Amino acid sequence: MKKVLTGVFLVMSSMASAQDSPLAWAARLENDFRIVPNITYLTASNYDAKLDLYVTRTPEKPLPTLIWIHGGGWTGGTKESFAGIPSYLAMGMNVVNVEYRLARTAPAPAAVEDCRCALRWVINHAKEYGIDVNRIVVSGGSAGGHLALTTGMLPASAGLDRQCPGPDNLKVAAIINWFGIADVNELLDGVNMKAYAVTWLGSAPDREQIAKRVSPLTYVRAGLPPVLTIHGDADPTVPYTQSVRLHQALTAVGVPNQLLTMPAGKHGFDCCTAIQRVNAYAKIREFLGVHRVLDVPKASSAGPQD
């Protein structure tokens, strides 16, 4: 953890503006934010689910907040793998970096339940840590993108909030989906079958029903928060067509959303070239400005776009 936290501020220094020296820029961010690592937000299946906070030092002035959920096919990955924290701090956002139960600890739908619990924890502790509950954004990559979608889209009626019951206030302002799974069923059989999905669902006789229950496409409806999806069209791990279908379904019911396609992009770190990644973060900033999460100039249209 110490190496990761040190690395965060080293990366910050590389992002300094032309008016600052890298060290001055990094020092200013360090003055503005504090790090609270490894807070247990849930204990389930004899597992302590933890999150890290990168939050304002002035909680009386709450900030928009990004909840990040790591990927790894629901079978691997760690929160410590996330290298994008400085980009969001530079946008003036808190960051909450979340881990959850993997398949070896508990099969589906445990990961979905855990991430909903993380959202509830963030809302319940908002005042303490300077989190603006009206400007919470949930994001993640791959399986984390899927979990970001379910965290932001699930209605209470889905019955996946029983692990951490409470009021029906689990709302987010926007979802940033990096190449996440939208249709889990498609990955269980046929030409798009993926071992990671089969492992997560296990051999339960009702696995198709569980897969549908945890698939974001199941919950597409009017009134959802805006969704930005970023996906490479040559992704061998999560079919790009899933993001196309999600984009089309959201557009059909009037949910503001965009699909940012990375030409020839593959999966994970290989989704984007360096220039494409810079453009992706510029699009995220613009998207969050359009939807009033960030105080940046609005784009010309807030509606669904290709």
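If I take every Cα pair under 8 Å that is 6 or more residues apart in the chain, average their sequence separation and divide by the length, what percent do I get for the relative contact order? Walk me through the intermediate numbers first.
Values: 611 pairs, mean separation 42.5, N = 306.
Relative contact order, the chain: 14 percent.
Any idea what the dipole of the chain comes to, in debye rounded to 20, about its Cα centre with Lys/Arg Cβ at +1 and Asp/Glu Cβ at -1? Intermediate values should be presented prior to the final figure.
On the way: 28 positive and 25 negative charges, 64 e Å.
It works out to roughly 300 debye.
Once region 157-306 is represented by equal point scatterers at the alpha-carbon sites, with solvent omitted, what log10 I(q)/I(0) does the Debye formula produce at q = 0.11, 0.13, 0.16, 0.18 Å⁻¹?
Here the Debye-derived log intensity ratios amount to -0.49, -0.68, -0.99, -1.18.
What list of ³J(HN,Hα) couplings, whole Hz, do you get for region 98-114 from phi and the Karplus terms 6.51, -1.76, 1.60, once you set θ to phi - 60° and write x for glycine and proline?
Along region 98-114, the couplings run 10, 10, 7, 5, 8, 4, 5, 9, 7, x, 4, x, 3, 4, 5, 4, 4 Hz.
Past the 16 angstrom mark, what percentage of all C-alpha to C-alpha distances in region 200-259 do you count? The partial results should precede the final answer.
Working: 931 of 1770 pairs.
Value for region 200-259: 53 percent of Cα pairs lie more than 16 Å apart.
Work out from phi, with θ = phi - 60° and the Karplus expression 6.51 cos²θ - 1.76 cosθ + 1.60, the ³J(HN,Hα) of each residue of region 127-136, listed in order in whole Hz, and give x for Gly and Pro.
5, 5, 10, x, 9, 7, 5, 8, 9, 8
Just the number, please: carbon plus sulfur as a percent of the accessible area of region 103-256, 1.4 Å probe, no ligands or DNA/RNA counted. Write out the running numbers ahead of the final one.
Values: 3000 of 5610 Å².
Whole-percent figure for carbon plus sulfur exposure: 53.
For ASN177, enumerate residues with amide H under 5 Å from its amide H, sequence gap 5+ or separate chain, H modeled in the peptide plane.
LEU228, THR229, ILE230
Quick check: Cα centre of region 43-104 to Cα centre of region 111-178, how many Å?
Comparing the Cα centres of region 43-104 and region 111-178, I get a distance of 12 Å.
Give the Rg/Rh ratio for the chain, taking Rg as the radius of gyration of the Cα atoms and Rh as the Kirkwood radius, to two decimals.
Working: Rg = 18.3 Å, Rh = 19.4 Å.
Taking Rg over the Kirkwood Rh, I get 0.94.
Straight-line reach from LYS212: which aspartates and glutamates fall under 16 Å, measuring Cα to Cα and dropping same-chain residues less than 8 apart?
GLU113, ASP183, GLU186, ASP189
Per residue, what accessible area does the chain have, given a 1.4 Å probe and all protein chains present, in Å²? Write down the numbers at each step before the final one.
Values: 12900 Å² over 306 residues.
Roughly 42 Å² per residue, with all protein chains present.
Between THR199, THR273, THR251, where does the largest GNM mean-square fluctuation fall for the chain, given springs only between Cα atoms within less than 10 Å?
Sorting by GNM fluctuation, first place goes to THR273.
Would you mind counting up the charge near ALA156? Only other residues with Cβ under 15 Å from its Cβ, with Lys and Arg at +1 and Asp and Glu at -1.
Values: positive: ARG116, ARG120, ARG162, LYS171, ARG213, ARG221; negative: GLU113, ASP161, ASP168.
Taking every other residue near ALA156 into account, the sum is +3.
Indicate, rounded to the nearest 5 percent, the antiparallel portion of the DSSP beta bridges found entirely in the chain. Kindly include the intermediate steps, with their values, before the conclusion.
Numbers: 13 of 40 bridges.
That works out to approximately 30 percent antiparallel.
Using a Gaussian network model of the chain with C-alpha springs under 10 Å, which one of GLY77, GLY166, GLY152 is most mobile by mean-square fluctuation?
Of the options given, GLY166 has the highest mean-square fluctuation.
The values are calculated or read from the model by the stated rules, or taken from the named source; none is laboratory data. Remember, predicted model here, so these are calculated numbers, not experimental data. So basically every Cβ, Gly included, is an ideal-geometry build from the backbone, and we count neighbours across all protein chains shown. Only protein heavy atoms, including side chains, enter the accessible area calculation; ligands, DNA and RNA are left aside. Shrake-Rupley method; radii C 1.70, N 1.55, O 1.52, S 1.80 Å.
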